[in-house]
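Structure, as structure tokens:
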Amino acid sequence: MPANDRDPIPLAFRATAYMRPSLWRRRPVRAFRYDVLWKDGRVDRDIDLVKVMYRQAPADYQVTERAMLEQCPETGSGQWVAYASGYPVDGPA
């Protein structure tokens, strides 16, 4: 059975930036959490981006991650970014 028939297909991803202390010097550093919007309408929050992205097409990882980080403010949630294309899309709030 092809992977697309077994696993739900991601429609879009979103990054949320927050500040946390660094591990060594305790200075504030920017960190990210990721959400995924599935084609069936579900939203999973705080996912492991690598595990979700590498189930489909590993080559799309860099394009999607770069687009998410470009759409993300200094702190807070960024726009939803389409899987593989990297373009901003409308999604749930």
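Values in this text are rule-based calculations from the coordinates and carry no lab data. Worth saying up front: this structure is predicted, and the values here are computed from it rather than measured. Note that each Cβ is placed from the backbone with ideal geometry, even for glycine, and that neighbours are counted across all protein chains shown.
Per-residue ellipticity at 222 nm from helix content only, as computed over the chain with -39500 (n - 2.57) for each DSSP H run of at least four residues, stands at -5000 deg cm²/dmol. Taking Cα atoms, how many degrees apart are the long axis of helix 61-71 and the longest axis of the chain, rounded to 10 and kept between 0 and 90? Between the helix axis and the principal axis of the chain, the angle is about 50 degrees. Other residues with beta-carbon under 15 Å from the beta-carbon of residue 82 carry, at +1 per Lys or Arg and -1 per Asp or Glu, a net charge of -2. Judged by the mean number of other Cβ atoms found within 10 Å, the most tightly packed of the peptides 62-74, 13-25 leads the ranking 62-74, 13-25. Cβ-Cβ distance of residue 9 and residue 31, R₀ of 30 Å, FRET efficiency by 1/(1 + (r/R0)^6): the value works out to about 0.65.
Computed over neighbours whose Cβ is under 15 Å from that of residue 28, the net charge equals +4, Lys and Arg +1, Asp and Glu -1.
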